[in-house]
Each structure stands twice: as structure tokens, then as C-alpha cells.
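Data first, discussion second: the structure below is written as C-alpha cells.
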Amino acid sequence: MQATPQLAAATAQLRTRLADRNQSIRLYGTTPPRLGTPEELVREAAEKFVERLKPLPLDGVVVYDIQDESGRTSVPRPFPFKGTIDPRDYSRLLGRMAALPVINYKSLGMLDEPGWRAWLDESTREYGLSLLSIVGRPTSGVRYPLSLSEAIAIARQHPANLMLGGVMIAERDSPERSESARLLAKAIEGCSYFISQTVYTAKPTIAVLKEYLRDCRGAGVEPRRIVLTFAPCGREKTMAFIKWLGVRVTPECERAILGAANPLAKSIEICRDNLREILDQDYVGRIPLGINVESVSINRDEIDATVDLFHQLSEVLEGK
């Protein structure tokens, strides 16, 4: 698929910004409509999404490729898992309608090497994919036909010159398995940026970023871009889902949000304060950072709250 000149220019600009240590990044993440959604409703959802984005000073959109993570935990999923339409179809639609560059997530699932190479060929040829975040599997201890490191290496060598990203999950950092070491290894394999899991507690993220800067200095390499993700929360069920996803939420934070007269406003305040705390550290200016706002809910008020959250986080990022 040949991108329009406007979209091609915007995509090139986002690639440049992601690599430029002196510029911040502002993204907005979304999940494609559910599998089986009629084409006209897919388009209607895209139109609403684009309308929501119009007033936002965005650098790009993130389209997620969700997977069933029930094997990651024994805790029952608060909401039943439902697949989505192909994220590439939704990315292409959003790109055409908004003229905004899209970072595509791809979960490897059970793909083997031939299947992965075929997917990369099709994605670059038919969808014009340029920015790709590769996601591993949620279940550890299982042998898969293609490892995450192999998939990154193959994608890096693809002739389409993809700009590759990965995922940062501060909560999985431990003395046994360092998240900083993961970031360093993925960068060596070919990742140019990382997008974090949703942040609701600043301390784990601060600890990983400090360790990452130290490890990069030890290895003699420059830190890669880290984009920090935030999401509003206004309901008990949404909070349960955020926690189920593996996001660390302290009991004090949960009580503050769910006990507030306006839980959504309180959650936005907490996200803003978390970003301020994360940015009030020595690694700022040494690790290029950015923000990504998403909704983990299908409720209209929580989705609408992402706009206010985006503006407030942008002001913090700009130092206001």
C-alpha cells in the first residue's frame, strides 16, 4: 500500500522524533474494534476516534494487538477476552483518516520463523507498515517456535527498514530477572524505543530507569527512548482489570481513586503526580522520554477522560 504524501511525511517525522534525544514524544493508544464488528461500525469507531484526537498535539497513534493473557495468572479475568479485527486493517484506516503515523503492536503468539517472515512481508507490502512494536508471550516457561529475540533480529534485517520497538514492564523487574537488562538486550537486538505498561505507581518505573541508565553507561551505549503509558480509571471493575493486567496499584492509590467523589478526576490527578515524580530524577535529559495515553475501558466517560489526561500529562512533560 502506498501511503499518501502527507502520511508518509508524518511517519518519517515520527521516526525522526523517536530517535532524537532532544525531543519529547506524545502518543495515544487504542485497541481495534472487536472481531466480527461490521465494516460500517468499524469505520464509525474510527471516525469517533479521529474526532477525539483532533485537538490533541499528537506525534502518533499506537494500535495494540491484544492477546489472551489468562495463562499469565491464576486470577480470573475481570472481563472475558474477545479478539479484535486485524490491527493492521485498523491502523491503515486510522492513518488514512487522520494522516497520523501509527505504531503497530504485534504479538508473536505461536508464529514460527517462516510465518513471521511472511507476516513481515505482507505487512510492509500490503499495509505500508513502518513502525513496529514486537510483543512476546504472557506465559513464561513455555517453549515457543520463535523466540522474541529471534523475531526482533529477523525484523531488523527486513529490507523495509522497519523502526522497531519493545515493551517495558517495570513490575516484572526482580533480582533474578532485571527489566533493565531486558531493555539493554532488546536495544542491542534492534529496538529503537520502548513503550511501558500502564503506570499507576511511580517507584518501580523510577527504579528501572535509574538502573537502565547505569547499565547503558556500563555498556558504553546511549539509552533508547522510553514512552510512559497512563490510563484513567473511574470504576471498580476497571481498577480490577488494571490490576489483573499486572499493573502495580498500591492499596492507598486504589482507595483514593474509588473513594473519591469523582474517581476519574482523582485518577488523572494521580497519573499526573506519578509523571511529575518520574520526571523529578537525575536520568531526565539522559534517557529520552515520552508519554502515551490509553483507555483500558469501553465506558464512554473513561474514554473521554483520556483527553483531559493527555492535556495534563503534556503540561507536565513540557515543564509547566
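The values are calculated or read from the model by the stated rules, or taken from the named source; none is laboratory data. Just so we're clear, the structure is a prediction, and the values are computed from it rather than from any experiment. Methodologically, a virtual Cβ is constructed for each residue, glycine included, from the backbone with ideal geometry; neighbour enumeration extends over all protein chains shown.
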*Sort out which residues of the range 11-40 are touching a Pro at 6+ places or on another chain (Cβ under 9 Å) and either surrounded by fewer than 20 Cβ atoms within 10 Å (Cβ to Cβ) or of a type in the set (Val, Ile, Thr) (or both), and write them in order of number.*
Thr11, Ala12, Gln13, Arg15, Ala19, Asp20, Arg21, Asn22, Gln23, Ser24, Ile25, Thr31
*Tally of residues being touching a Gly at 6+ places or on another chain (Cβ under 6 Å) and not in a strand (DSSP E or B) across the range 152-187*: 4
*Hey, any hits in the range 231-242 for a residue that's closer than 30 Å to Asn22 by Cβ and at pLDDT 95 or above?*
yes
*Count of the range 121-135 residues which are within 23 Å of Ser196 (Cα to Cα) and either surrounded by fewer than 20 Cβ atoms within 10 Å (Cβ to Cβ) or among the β-branched types (Val, Ile, Thr) (or both)*: 2
*Return the total of residues in the range 195-211 being assigned to a helix (DSSP H, G or I) and under 30 Å from Ser297 (Cβ atoms).*
8
*Can you name the residue in the range 101-114 that is within 15 Å of Leu148 (Cβ to Cβ) and of a type outside the set (Lys, Arg) and is also surrounded by the most Cβ atoms within 10 Å (Cβ to Cβ) among such residues?*
Leu108
_Consider the range 98-127. How many of its residues are at pLDDT 95 or above and on the phi > 0 side of the Ramachandran plot?_
0
_With under 22 Å from Ile226 (Cβ atoms) and part of a helix (DSSP H, G or I) as the only criterion, which of Ser192, Ser123, Ser149, Ser133 stands out?_
Ser149
_Given the criteria within 18 Å of Tyr28 (Cα to Cα), touching a Leu at 6+ places or on another chain (Cβ under 8 Å) and crowded, with 16+ Cβ neighbours inside 10 Å, does Ile291 qualify?_
yes
*Show the residue pairs that are 6+ apart or on different chains and have beta-carbon atoms under 7 Å apart, the first residue being within the range 136-147 and at pLDDT 85 or above, the second being among the acidic types (Asp, Glu) and not in a loop (DSSP other than H, G, I, E, B).*
Leu146/Glu113
_Where the second residue is part of a loop (DSSP other than H, G, I, E, B) and surrounded by 13 or more Cβ atoms within 10 Å (Cβ to Cβ) and the first is of a type in the set (D, E, K, R) and lies in the range 18-31, which pairs have Cβ atoms under 8 Å and are six or more apart or on separate chains?_
Asp20/Pro288; Arg21/Pro288; Arg26/Leu56; Arg26/Leu58; Arg26/Asp59
*Segments classed as helices (runs of 4 or more DSSP H), wholly inside the range 224-320, with at least 2 members that are under 15 Å from Ala170 (Cβ atoms), of a type in the set (Val, Ile, Thr) and under 21 Å from the mean Cα position of the chain (by Cα)*: none
*Looking at the range 185-218, which of its residues are under 26 Å from Ser147 (Cα atoms), surrounded by 18 or more Cβ atoms within 10 Å (Cβ to Cβ) and β-branched (Val, Ile, Thr)?*
Ile195, Thr198, Thr205, Val208
*Go through (1) surrounded by fewer than 21 Cβ atoms within 10 Å (Cβ to Cβ); (2) closer than 16 Å to Ala231 by Cα; (3) touching a Phe, Trp or Tyr at 6+ places or on another chain (Cβ under 9 Å); (4) at pLDDT 95 or above and name the single condition Ser267 misses.*
(1)
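To keep it simple, each residue is scored yes or no on (1) touching a Pro at 6+ places or on another chain (Cβ under 9 Å); (2) modelled with pLDDT of 95 or more; (3) within 17 Å of Ile287 (Cβ to Cβ).
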residue	(1), (2), (3)
Ile152	no, yes, no
Ala155	no, yes, no
Pro159	no, yes, no
Pro175	no, no, no
Phe194	no, yes, yes
Thr201	no, yes, no
Pro204	no, yes, yes
Glu211	no, yes, yes
Arg214	no, yes, yes
